[in-house]
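Engineer: Have a look at this one.
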């Protein structure tokens, strides 16, 4: 992130002492300071998945490079502070990712987001290397075992990681400065819907998978100075459950959570999880974030100020990310767009002093 956000040297130094820093003056340090400063000041960066690439009933053209359109911008006149992107498909050498975004467009969007003073976060819905299925293929509980050292698919996974490393390494601004990213691998690990979930591997296997991923990207490929690592279990959880598969302070920079609940229990569940994550973040000296959340279709016209804001506003959360607005699935959206039922309420939400957007 550029210097448009506050820099707090004291909090950066505390972070480095916690064991997760990667050297003085790196873009990782800059991003860390920005996130900590936001949380300390009570600001929360608002994020949206794929925001600059498509939205409700539109998709960026092949010739577009300015990335001016955004559902969030079209509603409130500001861009999200955090842009979420998913790198699924990079491992197979695909031109496009899992949602049809070209990796070249994603690369350019990440650079534009950074140059505007924003943050980029990457998720990875990794396909199943053992069965050939997608990340939701849980037909075998041997997949994680197969990709660890000595496993039948270890070489496959390391090759996939090399392709990911190449792409992350290509993220540089016009002056050749690396674009820092928040990397959120192996997410929602307490659910049973991904092949790396708790139903499909042991805690030791999961931790080994995380460490292998971290050591290759941050260590062998020397990307540690441009990457923050976000641990993001799915709710609900308490502190004991949250830490069952925690890789360790050396391997994690951000304590996150993914929370989806489409009923009146959303606020209470989010608050209970943030109580837990806030306490752990304080004890470990870590940044905390709501790494994925939202209400599909946002049918409640007052959801942003009536549920979402009350759920997050009392916590030192650095950022929140709501999921995508699919261009080809009319009911699959999590952020507002012009004409949406919650459009006016989001405008009120966006003007709150705690909510940080890129004001253009």
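Engineer: Would you order 105, 360 from fewest to most other beta-carbon atoms within 10 Å of each residue's own beta-carbon? Present the calculation step by step, with values, prior to reporting the outcome.
Structural biologist: Working: 105 21, 360 11.
Ranking 105, 360 by Cβ neighbours within 10 Å, fewest first, gives 360, 105.
Engineer: Here's something else I'd like to know. Based on the Kirkwood radius over alpha-carbon pairs, what value in µm²/s does the Stokes-Einstein equation return for the translational diffusion coefficient of the range 224-289 at 20 °C and 1.002 mPa s?
Structural biologist: Numbers: Rh = 12.3 Å.
Rounded, D is 174 µm²/s.
Engineer: Using all alpha carbons of the range 44-359, what is the percent of pairwise distances in each 20 Å bin, ordered from the shortest bin to the longest?
Structural biologist: With 20 Å bins starting at 0, P(r) equals 33, 61, 6.
Engineer: Please report, largest first and rounded to whole Å, the three semi-axes of the ellipsoid equivalent to the range 28-98, where each semi-axis is the square root of five times an eigenvalue of the C-alpha gyration tensor.
Structural biologist: Working: eigenvalues 135, 72, 19 Å².
Each semi-axis is √(5λ); the values are 26, 19, 10 Å.
Engineer: Any number yet on Rg/Rh for the range 22-142, C-alpha, Kirkwood?
Structural biologist: Working: Rg = 16.7 Å, Rh = 16.2 Å.
Expressed as Rg/Rh, it is 1.03.
Engineer: Taking 0.36 nm per residue of separation and subtracting the Cα-Cα distance, what length does fully extending residue 115 through residue 175 add?
Structural biologist: Values: separation 60, 0.36 × 60 = 21.60 nm, distance 1.07 nm.
Taking residue 115 through residue 175 to full extension adds about 20.5 nm, to one decimal.
Engineer: Counting helices only, and only those DSSP H runs with n ≥ 4, report the 222 nm mean residue ellipticity of the chain as the sum of -39,500 (n - 2.57) divided by its residues, in deg cm²/dmol to the nearest 500. Don't jump to the answer; show the numbers that get you there.
Structural biologist: On the way: 11 runs with 112 residues, N = 360.
Value at 222 nm, helices only: -9000 deg cm²/dmol.
Engineer: Antiparallel versus total DSSP beta bridges in the chain: what percent is that, nearest 5?
Structural biologist: Details: 7 of 39 bridges.
Antiparallel bridges: around 20 percent, rounded to the nearest 5.
Engineer: For the pair residue 66 and residue 249, how long in nm is the line joining their label points, each one 7 Å along Cα→Cβ?
Structural biologist: Modelled inter-label distance: 4.8 nm.
Engineer: One-quarter of the Cα convex hull surface for the range 258-325, in nm²?
Structural biologist: Numbers: hull surface 17.5 nm².
Directional mean of the projected Cα hull area for the range 258-325 stands at 4.4 nm².
Engineer: Would you look at the GNM of the chain, springs on alpha carbons closer than 10 Å, and say which of 288, 254, 98 moves the most?
Structural biologist: Largest GNM mean-square fluctuation: 98.
Engineer: Classify the range 220-360: rounded, prolate or oblate, from the alpha-carbon gyration tensor (a ≥ b ≥ c, eigenvalue square roots; a/c under 1.5 rounded; otherwise prolate if a/b is larger than b/c)?
Structural biologist: Working: a/c = 1.86, a/b = 1.57, b/c = 1.18.
Verdict is prolate for the range 220-360.
Engineer: With just the Cα atoms defining each centre, how far is the range 78-155 from the range 270-295? Give it in Å.
Structural biologist: Going from one Cα centre to the other spans 24 Å.
Engineer: For each of 159, 67, count neighbouring Cβ atoms within 10 Å of the residue's Cβ, then give the residues from fewest to most.
Structural biologist: Values: 159 14, 67 20.
Ascending number of Cβ neighbours within 10 Å: 159, 67.
Engineer: May I ask for log10 I(q)/I(0) of the range 106-257 at q = 0.10, 0.21 Å⁻¹, from a Debye sum over the Cα atoms as equal point scatterers with solvent left out?
Structural biologist: So the normalised log intensities are -0.36, -1.39.
Engineer: Under 11 Å from a label point 7 Å along Cα→Cβ of residue 262: give me every residue in the range 275-311 with its amide N that close.
Structural biologist: Taking a point 7 Å out along Cα→Cβ of residue 262, the residues of the range 275-311 whose backbone N falls under 11 Å are 295-299.
Engineer: Cut-off 10 angstrom, C-alpha nodes, Gaussian network model of the chain. Which of 248, 169, 47 fluctuates the most?
Structural biologist: 248
Engineer: Taking neighbour Cβ counts within 10 Å as the exposure measure, how do 51, 141, 264 sort from fewest upward? Show your work: numbers first, answer last.
Structural biologist: Working: 51 28, 141 14, 264 8.
If I rank by nearby Cβ atoms, fewest first, I get 264, 141, 51.
Each reported figure results from applying straightforward, stated rules to the coordinates on display, with no laboratory input. Nothing here was measured: the structure is a model prediction, and the numbers come from that model. Reconstructed Cβ throughout: ideal geometry from the backbone, glycine too, with neighbour counts over all protein chains shown.
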